[in-house]
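Visitor: After the structure tokens below, expect a handful of questions from me.
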Amino acid sequence: MIEKLEAVKSRFEEVGQLLLQPDAMADMKEYSKLNKEYKDLEKIVNVYNEYVTVVQNIESSKHILQTEKDEEFREMAKMELLELGERKEQLDEELKIMLIPKDPDDSKDIIMEIRAGAGGDEAAIFAGDLYRMYDRYIDAKGWKKELINMSEASSGGFKEIVFSVSGEDVYGALKFESGVHRVQRVPVTESQGRVHTSAASVAVLPEVDDIDVNLDMKDVRKDTYRSSGAGGQHVNKTESAVRLTHIPTGIVVECQDGRSQHKNFDKALSVLRSRMYEVEKSKQDAEHASKRKSLVGSADRSDKIRTYNYPQGRVTDHRIGYSQHNLPTVMDGEIGEFVERLRIAEYSEKMDESISF
């Protein structure tokens, strides 16, 4: 581990020197990339520096115990050695986690898609509830959200809603939300008071650049049409809405939120790249999963991941077997505990994998 940490420290110093070069900001894209790497490495280096200091102090305390005859000094050294030993163990664990290879997509912005599944009108209403939940979580994190496309349901909620989220480590926090979310409750339309089960699917896609995806525009068909909303809202008299079809894969993307056809095209193209990237990523994840089944990083986006049980006020994540009995709070955007526990589960899996392989 020390060799890896020394290599990290060496790279940290190298990146620091690159950022100080007079022409460092000539290429802003490269500068931003280096600056992000510097900040990521700095976190590890700071902990490693403390670790080195603690190890040196442990050796110093041991030397005092071996050479010092004054009992008062010896007692002080023993107490310090105990405290330093405990801190060394804590730093050991922190550094092990920090050295786990990060998903390179974790720092990326995302495209989030929520779609009503089985359950008719109730599924659409639930899709709307999930959107509100994520909207509040995103606001609390200080991230930026931008609507791309939506299809409202006549009874409320959405048949589909697609939006982008930008901010620090957005994909790293929300990637575990991909999958089928199930709700158990009495629908507003249910006259007999019976509990129904409905579902909505969530897809979280990392937003990628053109260099991340081999997309030939000759394979993309562009169609334009007039945007419209439920009840005639947001009707546009010009053909500003855009539909892109990737002919080889059959992936279809639509964007009708903006009044500018050019902006809608750019947004739709971003979603298309993200979906194509996700297809390739899922293939790689599936190959990896064939070696060892991942609990939280399943490549199967149709997996039922979470149940929201209204009669019992309970939310359960089935991947980690964790439940909270504060459903109203969760639906108000308080999903941080689920996010953190899923992250810890992923760390644990990666640590086990690094030991096994």
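What follows draws every value from the coordinates through simple rules; no lab data is involved. Quick caveat, the model's predicted, so the values are computed rather than measured. Using ideal geometry, Cβ is built from the backbone for each residue, glycine included, and neighbour counts are taken over all protein chains shown.
Visitor: Starting from 0.36 nm per residue, how many nanometres of slack lie between Ile344 and Thr249 once their C-alpha separation is accounted for?
Guide: Working: separation 95, 0.36 × 95 = 34.20 nm, distance 3.52 nm.
This chain segment gains 30.7 nm when fully extended.
Visitor: Considering the alpha-carbon set of region 70-157 alone, what are its Rg and its Dmax in angstrom?
Guide: Taking only Cα atoms of region 70-157, I get Rg and Dmax of 25.7, 84 Å.
Visitor: Let me ask something else about it. Once you've got the Cα coordinates, tell me which of Lys4/Lys304; Lys144/Lys222; Lys39/Lys159; Lys9/Lys141 are over 32 Å apart.
Guide: Numbers: Lys4/Lys304 38 Å; Lys144/Lys222 28 Å; Lys39/Lys159 41 Å; Lys9/Lys141 30 Å.
Checking Cα-Cα distances, Lys4/Lys304; Lys39/Lys159 exceed 32 Å.
Visitor: Could the peptides 335-346, 36-47, 3-14 be put in order, highest first, of the mean number of other beta-carbon atoms found within 10 Å of their residues? All intermediate terms of the calculation are to be shown ahead of the outcome.
Guide: Numbers: 335-346: 17.3, 36-47: 15.3, 3-14: 13.8.
Those peptides, ordered most packed to least, come out 335-346, 36-47, 3-14.
Visitor: Another question, if that's okay. Compute the acute angle (0 to 90°) between the alpha-carbon long axis of helix 336-356 and the principal axis of greatest extent of the alpha-carbon atoms of the chain; round to the nearest 10°.
Guide: 60 degrees
Visitor: A further question follows. Of Lys88/Lys281; Lys108/Lys283; Lys218/Lys350, which pairs sit farther than 31 Å apart, going by alpha carbon to alpha carbon? Spell out each step's value before the answer.
Guide: On the way: Lys88/Lys281 38 Å; Lys108/Lys283 20 Å; Lys218/Lys350 40 Å.
Among Lys88/Lys281; Lys108/Lys283; Lys218/Lys350, the Cα-Cα distance tops 31 Å for Lys88/Lys281; Lys218/Lys350.
Visitor: Arrange Thr329, Thr245 by Cβ neighbour counts within 10 Å, fewest through most, would you? The partial results should precede the final answer.
Guide: On the way: Thr329 13, Thr245 16.
Fewest-to-most ranking of Thr329, Thr245: Thr329, Thr245.
Visitor: Turning to a different aspect of this structure: Compute the relative contact order of the chain as a whole-number percentage, counting only Cα pairs closer than 8 Å that sit 6 or more residues apart in sequence. Don't jump to the answer; show the numbers that get you there.
Guide: Working: 556 pairs, mean separation 50.8, N = 357.
Taking the mean separation of contacting Cα pairs over the length of the chain, I get 14 percent.
Visitor: What does the charge count near Asn264 come to, summing +1 for each Lys or Arg and -1 for each Asp or Glu among other residues with Cβ under 13 Å from its Cβ? Could the numbers behind the result be given before it?
Guide: Numbers: positive: Lys222, Arg226, Arg243, Arg259, Lys263, Lys267; negative: Glu146, Asp223, Glu239, Glu254, Asp257, Asp266.
Once all neighbours under 13 Å are counted, the net charge is 0.
Visitor: Within a 10 angstrom radius of the beta carbon, how do Met133, Met28 rank from fewest other beta carbons to most? Let's see the in-between values first.
Guide: Details: Met133 20, Met28 10.
By the 10 Å Cβ count, ascending: Met28, Met133.
Visitor: Label points 7 Å out from Cα along the Cβ direction at Gln90 and Asp106: separation in nm?
Guide: 2.1 nm
Visitor: In degrees from 0 to 90, rounded to the nearest 10, what is the angle of the helix 2-19 Cα long axis to the longest principal axis of the chain?
Guide: Approximately 70 degrees, to the nearest ten.
Visitor: Rounded to the nearest 10 degrees, what's the angle between the helix 28-67 long axis and the longest principal axis of the chain, both from Cα atoms, 0 to 90?
Guide: 30 degrees
Visitor: Here's a follow-up. Of Asp223, Asp27, Asp106, which is the most mobile in a GNM of the chain whose springs link Cα atoms less than 10 angstrom apart?
Guide: Asp27
Visitor: In addition: Evaluate the distance, in nm, between pseudo-label points positioned 7 Å from the Cα of His262 and of His325 along their respective Cα→Cβ axes.
Guide: Modelled inter-label distance: 5.8 nm.
Visitor: How much mean residue ellipticity at 222 nm does the chain get from its helices, if each DSSP H run of length 4 or more adds -39500 (n - 2.57) and you divide by all residues, to the nearest 500 deg cm²/dmol? If you can, show how the numbers build up before the last one.
Guide: On the way: 8 runs with 169 residues, N = 357.
It comes out at -16500 deg cm²/dmol, rounded to the nearest 500.
Visitor: Can you give the % of DSSP beta bridges in the chain that are antiparallel, to the nearest 5? Walk me through the intermediate numbers first.
Guide: Values: 46 of 51 bridges.
The answer is about 90 percent antiparallel.
Visitor: So for the chain, what are the equivalent ellipsoid semi-axes in whole Å, largest first, each being the square root of 5 times an eigenvalue of the Cα gyration tensor? Mind showing how you got there, number by number?
Guide: Working: eigenvalues 432, 162, 61 Å².
The equivalent ellipsoid of the chain has semi-axes of 46, 28, 17 Å.
Visitor: Could you give the length gained on full extension between Leu65 and Glu6, defined as 0.36 nm per residue of separation minus the Cα-Cα distance, in nm? Don't skip to the end; give the middle numbers.
Guide: On the way: separation 59, 0.36 × 59 = 21.24 nm, distance 2.98 nm.
Result: 18.3 nm gained on full extension.
Visitor: Could you give me the percent of Cα pairs per 5 Å distance bin for region 2-98, shortest bin first, beginning at zero and ending with the bin that holds the maximum distance?
Guide: That works out to 2, 12, 18, 14, 12, 10, 9, 7, 5, 4, 3, 1, 0, in percent per bin.
Visitor: A further question follows. I'd like the Karplus ³J(HN,Hα) series for region 165-171: coefficients 6.51, -1.76, 1.60, θ = phi - 60°, whole numbers in Hz, and an x wherever there's a Gly or Pro.
Guide: 9, 10, x, 7, 6, 5, 5
Visitor: Going by average Cβ density within 10 Å per residue, which order do the peptides 149-156, 274-281, 96-103 take, highest to lowest?
Guide: Working: 149-156: 16.5, 274-281: 19.0, 96-103: 14.2.
Taking the mean over residues of other Cβ atoms within 10 Å, the ranking is 274-281, 149-156, 96-103.
Visitor: For region 84-214, compute Rg over Rh where Rg is the Cα radius of gyration and Rh is the Kirkwood radius from the inverse mean 1/r over Cα pairs. Walk me through the numbers on the way to the answer.
Guide: Details: Rg = 19.2 Å, Rh = 16.9 Å.
Reported Rg/Rh, Kirkwood definition of Rh: 1.14.
Visitor: Rank these for me by crowding, Val208, Val186, going from fewest to most other beta carbons within 10 Å. Walk me through the numbers before you get to the answer.
Guide: Values: Val208 21, Val186 15.
Fewest-to-most ranking of Val208, Val186: Val186, Val208.
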